[in-house]
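Inspection log for the structure reproduced underneath, given as structure tokens.
No lab work stands behind these numbers, since they all come straight from the coordinates. Given the structure is predicted, the values throughout are model-derived calculations rather than measurements. Backbone-built Cβ (ideal geometry, glycine too); neighbour counts: all protein chains shown.
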Amino acid sequence: MGIDLDTRFLEEKARKLRRNIIRMIAAARSGHPGGSLSAIDILTYLYFLRMRIDPSNSSWPDRDRFILSKGHCSPALYAVLAERGYFPEEHLWTLREIGSILQGHPDMRKTPGVDMTTGSLGQGLSCGVGMALGGRLDHKGFRVYVMVSDGELQSGQVWEAAMAASQFKLDHLIAIIDNNLIQSDGVTRTVIDIEPAEERWSSFGWEVWRINGHSFAEIDAAFENCQALHGKPHVIIADTVKGKGVSFMENSVKWHSGPPSGEEEQAALRELSGVGRHD
């Protein structure tokens, strides 16, 4: 049986989280807004609807695990964890400060709710394979979710992990590709094209779904399918928009990294409050 999908709740929650992403990167004067904004809808869905977690017990052995392999987009994860109750929201405004629990990349030793320290691209899926295998050996029923970037698929270690996951039939492992088409050096297809992504993942023995990564209905349907089908690992290719929600950041290589100015911060916050945007 599926879970109840309250689209309005998720949309409003994601809107608030986008505002917090902008605010924390502006406060830190450093960070990666584009990929954080493209990923936040899926993170909102996972943490507020799909994942089996307990914020009051972040080390609960039976919890579902999430790995943000694209660790440079930590503001998205931090915004969700704070909103979900893992730590007070006030910590968000200390992003990247010395001594803060919120460093530039997720650190499981410092931040409640972070299941894997990440930052070196290409490694997260391998860690997810290890977690999934460990869960099987311990007879646990948790699922492991790993979000990777489209540019990250250019790393060979991702495909080694993909082969291992298929070999061991890790059907409780779900990879999510944040396919926003832009990486630090430019448009992904001109750096190293990852297409045809569906055929490539399928040839590695994975169940594949391709969705609009900003449609909660499509996100929900894909994860329902992952839960229903057994015998293979699952990958959701989520087509997203870099900088989603802020018009001047959308589809722009410039906003892969770097903070908004004070004026840009206020313009972004106005848009994300429903003021000043004309679609």
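Annotations
- Listed by chain and number, the lysines whose alpha-carbon sits under 16 Å from that of LYS70, ignoring those within fewer than 8 places in the same chain, are LYS242.
- HN-Hα J in Hz across the range 76-83 - Karplus 6.51, -1.76, 1.60, θ = phi - 60°, x for Gly and Pro: 5, 5, 4, 4, 5, 4, 5, 5
- Cross-link partners of LYS232 among lysines (Cα-Cα below 21 Å; sequence separation of 8 or more within a chain): LYS140, LYS169
- Reducing the range 159-234 and the range 106-128 to their Cα centroids gives an inter-centroid distance of 19 Å.
- The charge dipole of the range 125-279, taken about the Cα centre with unit charges on the Cβ atoms of Lys, Arg (+1) and Asp, Glu (-1), comes to about 400 debye, rounded to the nearest 20.
- Projecting label points 7 angstrom from Cα along Cα→Cβ for SER120 and SER59 puts them 2.5 nm apart.
- Modelled FRET efficiency - R0 25 Å, SER247 with ASN212, Cβ distances, 0.05 increments: 0.85
- Relative contact order of the range 168-279: 33 percent, from C-alpha pairs under 8 Å at least 6 residues apart in sequence.
- Zone residues, the range 98-129, relative to SER30, backbone N less than 18 Å from point 7 Å out along Cα-to-Cβ: 98-108, 110-111, 118-121
- Rounded to the nearest 10 degrees, the inclination of helix 7-28 to the longest alpha-carbon principal axis of the chain is 60 degrees.
- Mean Cβ neighbour count within 10 Å, used as a protection proxy, ranking 71-80, 262-271, 200-209 highest first: 71-80, 200-209, 262-271
- Between 0 and 90°, nearest 10: helix 156-167 axis offset from the chain longest Cα axis: 40
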